[in-house]
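Here the structure comes first, spelled out in C-alpha cells, and everything after it is commentary.
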Amino acid sequence: GRFGGYAIEGGVAEFWAEGVQAWFNCNGTIRPESGGGQSSFEVLGLKGEHICHLQTRQQMQIRLPEFAKLLDSTFRQNRWVYVPVAKRLDERHLSGFDPADAPEFRWPPAV
C-alpha cells in the first residue's frame, strides 16, 4: 500500500484520524482517558499482525515517513502540538486552576 502496506481497523478515515492525532502528539496515553477507543494508533501489517503503536509526531516521521510528509504538507508545517493542562499550569490564564477540581467529561448514554 501507499504507506508501507499498513492497515488499521476502520479503514482509510480511521487511519487518517489516528495519524492526525499522533501528528499533534495527542494520541494515546498522553491524553486523558476519553471513555473508549484505543489507547494509541496501532499499526497492523497486511496479515493483521501488530507492527507498532504511534503516539507522537516523531514516531510518525520514523515509522510512516510518507504519511508524515503528507500530514506536514496538509497542516502547512505547523509545529503546534498538544500539551496537557497539567504540564502548563504556570501559564497566566490557568492561574488558580486545579485539574483535580475540574468536572469530568462523560459522553451521554444516548451517544
Spelling out what I want: for every residue of segment 93-105, take phi, set θ = phi - 60°, compute 6.51 cos²θ - 1.76 cosθ + 1.60 (Karplus), and round to whole Hz; glycine and proline get x.
5, 9, 4, x, 7, 10, x, 5, 8, 6, x, 9, 6
Quick check on packing: order 72-84, 15-27, 46-58 by the mean number of other C-beta atoms within 10 Å, highest mean leading.
15-27, 46-58, 72-84
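Tell me whether segment 41-98 comes out rounded, prolate or oblate; compute the Cα gyration tensor, take square roots of the eigenvalues as a ≥ b ≥ c, and use a/c under 1.5 as the rounded threshold. Mind showing how you got there, number by number?
Values: a/c = 4.62, a/b = 1.91, b/c = 2.42.
Oblate is the answer for segment 41-98, as a/c is 1.5 or above yet b/c matches or exceeds a/b.
Where a number appears in this text, it was derived from the coordinates with a stated rule and is not lab data. Here the structure is a predicted model, which is why all the values come from computation and not from measurement. Positions of Cβ are generated from backbone atoms using ideal geometry, with glycine treated the same way; all protein chains shown enter the neighbour counts.
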